[in-house]
Amino acid sequence: MRLSLLLAIVFTLCLSNATAASRIYSEEVATSFIINHPDPDVIRWGKQNNHFTWQAGYIMFAMEKLWRITNDSTYFNYVRRYVDQNVDAEGRVPGFTPRALDNFLPGYACLLLYELTGEQRYARAAETIRRGFDDYPRNAYGIFYHSVTIPQLWVDGVFMGQIFLARYAKTMGHPEDYAEVVRQIQGLVQLCGRPDGLFYHGWAEQGKGGWAKQEDKHSAEVWSEGLGWGAVLLADVFDYLPEDEPGREQLMDALRHLCQGLKDCQDSHTGLWCQVVDKPNEDGNWNETSGSAMFIYLLQTAINKGYIPAADYQPVVDRAYQGIVRKAVRNSDGGYNLIDCSSIGIKGSYEEYISQPREISTYAAFGSFIIGTGIVEH
């Protein structure tokens, strides 16, 4: 009798573990998001009126990736609805204003629609967004300001602008734009890069910004989500850059160096990364969800494409995946909340970064979680 009971308990535990292991969190969380945001035009920052900016753009970026790996039209239809609500029949984009790099990211979804349909209105929309770079302000190194009112370099802004421009150059047949993409990323590496391969959150010309250290002009710390934007950019930009594009190898070196840096500062207890990435053992530091998911995306992409050795890095990804799915918490309506998120501007000290509220279900976290878990699960 005791043996039968013991076998029953073991069987139940094994079945429970198998069920948990077979869950596809990327799809469950993405579906939950769409149910809770059926109209993608509600995706915006707080009381912001314009939704043609990075929050919606990043969700569409993630939904496209999930559609490609699942072939589930639910995700593609969501992207198409967003684009069609923001691009009129003549290809005009009333919501686009070239006053911040954040506003270029939704153009990535416009390019998807043009690639799939060939409809000229999507091409005209992409051209309009591309022209926003023509007179966009730059610093002394030729690197775009984060916005026309913020004369600084932020890692996030480099992602927002250059992932669009890289795809634009390939899709629209403008190879001359590849040099700009390389220049912008090289500028990021030069001005925000560190010897350990990580990137500081930002850089301010002439030390202006309040947070910049006067002697070196960069921010005080490596912020999780900020670094994550650079990670996703490096993961994907080689899909667009030609093999013989000058500077490509330097960017590949930056990718590999970043992967090594992430491996070296992974939290040994949780498998994730901390709000201040390079200080996992410092008092008050905590695991941050959005950046951690972005790092998973970079590492798994780099493994899959042969940029880094699986033997060295797959265990890093596997530990991180087990940690990140614990950040998806069921809510009362059966959907998901994502905990321990952080979407902030640049801060001036370690204490300021770690004292930021642990946000719940930010848009950046949803996009990051979907791409990070999706690439592992599929």
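Below are the figures for this structure:
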{"read-out": "Unmet requirement for Ala179, which otherwise passes all of (1) closer than 26 Å to Ser349 by Cα; (2) surrounded by fewer than 21 Cβ atoms within 10 Å (Cβ to Cβ); (3) among the aliphatic types (A, V, I, L, M)", "value": "(1)"}
{"read-out": "Of all residues making up segment 289-307, the number that are open to solvent by less than 10 Å² (accessible area, probe 1.4 Å) and not in a helix (DSSP H, G or I)", "value": "0"}
{"read-out": "1 or more residues under 30 Å from Ala204 (Cα atoms): qualifying helices (runs of 4 or more DSSP H) within segment 42-146", "value": "54-70, 107-117, 120-131"}
{"read-out": "Residue that is nearest to Gln356 (Cα to Cα), among those in segment 220-272 that are open to solvent by 10 Å² or more (accessible area, probe 1.4 Å), of a type in the set (S, T, N, Q) and assigned to a helix (DSSP H, G or I)", "value": "Gln260"}
{"read-out": "Test result for Ile324, touching a residue at least 60 places away in the same chain (Cβ under 8 Å), within 19 Å of Ala364 (Cβ to Cβ) and buried (at least 21 other Cβ atoms within 10 Å of the Cβ)", "value": "no"}
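The values are calculated or read from the model by the stated rules, or taken from the named source; none is laboratory data. If you're wondering where the values come from, they're calculated on a predicted model, not measured in any experiment. No Cβ is skipped: glycine too gets one built from the backbone with ideal geometry, and neighbour counts run over all protein chains shown. We work out accessible area using only protein heavy atoms, side chains counted, and drop any ligands, DNA or RNA first. Shrake-Rupley method; radii C 1.70, N 1.55, O 1.52, S 1.80 Å.
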